[in-house]
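Trainee: Here it is, the structure, as structure tokens.
The values are calculated or read from the model by the stated rules, or taken from the named source; none is laboratory data. Please read all numbers here as calculations on a predicted model, not as lab measurements. Note: ideal-geometry Cβ built from the backbone for every residue, glycine included; neighbour counts use all protein chains shown.
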Ligand code: NAD
Ligand code: TYD
């Protein structure tokens, strides 16, 4: 089996669902259930013995050591993190706690466990760290896309904390020989995305007849990847990635934010026309820019294609249409997230003892 951390969050829950669908190997899912953790995303696994949920912190050495000893995973996939840039600007402390100190403690526990393994189990063990393209900093329009050997130049407390964790992962390989893999992925979107991030926020606000807030001039560029493609990339890196290497993962979909917002409005105009008439684009509102806002991210994903044969299955057009449709079909999920109810029912309905 494998140990997944942060498997109740946006990407982690998509990964757990995908993993069990794709190969059925059991998953132990360790998640602290911060505001971003939502076990309702995994409700379809309620009676699936291949999924064991454990409510806890990656920074709890005793708990993690116990889990490793009890379940003897062949790999750890570390999604657990604080992930929202705007929150990191307002309160960076939890980003340092989880992304830096928590990752360090998880690495320590993994090292202790791996040290005691022998033979094929030891050779086959992997620690896969899920990271972001934001560690590379900001590009100007003519710059080449980020490659794996780009300098780290993180600009927000979020990206700095992720950069720190990437460095620790690297160091545990070089110093102790821990068999690590790191993926640096661009912006994801898709089902179960918490509606504080741009794409789900715009969909949800549009339907609620609220303003669609665009920071600054809306010309900041991100490289968007459908979450299912990120999951398949992680599966592939875990399967065949070279130990100690990093792999950039991206969708070759560079788009300015304003274009993303306009695309969502056009899809909603088609799929759920406004009751009052007119276009959802009328709700677009330019607001004060984010401090230190990175202007452009772009991923050069040639290494993972060349070495591991991975490429995304979705284009932005197919992925964004699926995503908008998913939110239209899951108004109840949105409503429970927004009201906070998702935090109440999960423990009672789902949680099992470690
Ligand atoms: P998310 O915020 O939706 O989910 C994070 C999950 O981690 C939540 O379930 C939360 O409860 C859990 N968690 C937080 N602190 C924890 C702790 N101390 N111990 C155990 N669990 C804890 O984040 P996401 O968007 O799913 O991102 C997952 C990972 O992927 C993160 O490491 C993030 O940096 C990385 N990433 C995200 C994106 C993106 O576009 N969202 C892109 C590239 C990389
Ligand atoms: P976000 O989804 O927060 O991801 P990240 O900051 O990790 O890239 O934001 C994506 C882009 O959208 C980013 O350039 C900030 C911008 N943005 C807005 O313009 N308005 C918003 O309300 C939000 C949340 C983000």
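Trainee: Yes or no: residue 134 touching a residue at least 60 places away in the same chain (Cβ under 8 Å) and crowded, with 22+ Cβ neighbours inside 10 Å?
Mentor: Yes: the conditions hold for residue 134.
Trainee: Among (1) touching a residue at least 12 places away in the same chain (Cβ under 8 Å); (2) farther than 23 Å from residue 30 by Cβ, where does residue 162 come up short?
Mentor: If we test residue 162 against (1) touching a residue at least 12 places away in the same chain (Cβ under 8 Å); (2) farther than 23 Å from residue 30 by Cβ, just (2) comes out false.
Trainee: Restricting attention to the range 175-214, report how many residues are more than 16 Å from ligand 1 (Cβ to nearest atom), within 17 Å of residue 290 (Cα to Cα) and buried (at least 18 other Cβ atoms within 10 Å of the Cβ).
Mentor: Result for the range 175-214: 2.
For (1) under 27 Å from residue 256 (Cβ atoms); (2) touching a strand residue (DSSP E or B) at 6+ places or on another chain (Cβ under 6 Å); (3) modelled with pLDDT of 95 or more, each residue gets a yes or a no:
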site	(1), (2), (3)
105	no, no, yes
108	no, no, yes
128	no, yes, yes
140	yes, no, yes
144	yes, no, yes
168	no, no, yes
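Trainee: Quick check: anything in the range 238-259 in a strand (DSSP E or B), within 28 Å of residue 166 (Cα to Cα), more than 16 Å from ligand 2 (Cβ to nearest atom) and under 22 Å from the mean Cα position of the chain (by Cα)?
Mentor: Yes, there is a match, as at least one residue in the range 238-259 is in a strand (DSSP E or B), within 28 Å of residue 166 (Cα to Cα), more than 16 Å from ligand 2 (Cβ to nearest atom) and under 22 Å from the mean Cα position of the chain (by Cα).
Trainee: Could you pull out the residue among 24, 37, 7, 12 that is within 15 Å of the chain's Cα centre (by Cα) and free of Cβ contacts under 8 Å to residues at least 40 places away in the same chain?
Mentor: Numbers: 24 fails: within 15 Å of the chain's Cα centre (by Cα); 7 fails: free of Cβ contacts under 8 Å to residues at least 40 places away in the same chain; 12 fails: free of Cβ contacts under 8 Å to residues at least 40 places away in the same chain.
After applying the criteria, what remains is 37.
Trainee: Given the condition surrounded by 19 or more Cβ atoms within 10 Å (Cβ to Cβ), under 25 Å from residue 191 (Cα atoms) and touching a residue at least 40 places away in the same chain (Cβ under 8 Å), answer yes or no: does some residue in the range 284-292 qualify? Before you say what the answer is, go through the steps one by one.
Mentor: Just the residues of the range 284-292 that are surrounded by 19 or more Cβ atoms within 10 Å (Cβ to Cβ), to begin with: none.
Scanning the range 284-292, I find no residue that is surrounded by 19 or more Cβ atoms within 10 Å (Cβ to Cβ), under 25 Å from residue 191 (Cα atoms) and touching a residue at least 40 places away in the same chain (Cβ under 8 Å), so the answer is no.
Trainee: If we scan the range 267-274, do we find a residue that is touching a residue at least 12 places away in the same chain (Cβ under 8 Å) and in contact with a strand residue (DSSP E or B) (Cβ under 9 Å, 6 or more places away or on another chain)?
Mentor: No.
Trainee: I've got another one for you. Residue by residue through the range 207-243, note down the ones that are touching a strand residue (DSSP E or B) at 6+ places or on another chain (Cβ under 6 Å) and within 14 Å of residue 264 (Cα to Cα).
Mentor: 211, 212, 213, 214, 224
Trainee: Separate question: Please verify whether the range 255-264 includes one or more residues that are over 18 Å from residue 315 (Cα atoms) and buried (at least 21 other Cβ atoms within 10 Å of the Cβ). Give the steps one after another, and end with the answer.
Mentor: Step one: filter the range 255-264 for residues over 18 Å from residue 315 (Cα atoms), giving 258.
This time we only want the ones that are buried (at least 21 other Cβ atoms within 10 Å of the Cβ), so: none.
So far as the range 255-264 goes, no, none of its residues is over 18 Å from residue 315 (Cα atoms) and buried (at least 21 other Cβ atoms within 10 Å of the Cβ).
Trainee: Looking at the range 15-63 only, could you name the residues that are within 16 Å of ligand 2 (Cβ to nearest atom) and surrounded by 19 or more Cβ atoms within 10 Å (Cβ to Cβ)?
Mentor: Passing the criteria: only 36.
Trainee: Got a number for residues in the range 178-203 being under 20 Å from residue 274 (Cα atoms) and either away from ligand 2 (no atom under 11 Å from the Cβ) or without any contact (Cβ under 8 Å) to a residue 60 or more places away in the chain (or both)?
Mentor: Counting residues in the range 178-203 that are under 20 Å from residue 274 (Cα atoms) and either away from ligand 2 (no atom under 11 Å from the Cβ) or without any contact (Cβ under 8 Å) to a residue 60 or more places away in the chain (or both) gives 2.
Trainee: I'd like to check which strands (runs of 3 or more DSSP E) are fully inside the range 1-105 and have at least 2 residues that are under 16 Å from residue 129 (Cα atoms).
Mentor: Answer list for the range 1-105: 2-5, 27-31, 75-78.
Trainee: Okay, moving on. Let me confirm something: among 93, 124, which residue is away from ligand 2 (no atom under 16 Å from the Cβ), surrounded by fewer than 16 Cβ atoms within 10 Å (Cβ to Cβ) and more than 22 Å from the chain's Cα centre (by Cα)? Outline the logic, then answer.
Mentor: On the way: 93 fails: more than 22 Å from the chain's Cα centre (by Cα).
Checking each option against the conditions leaves just 124.
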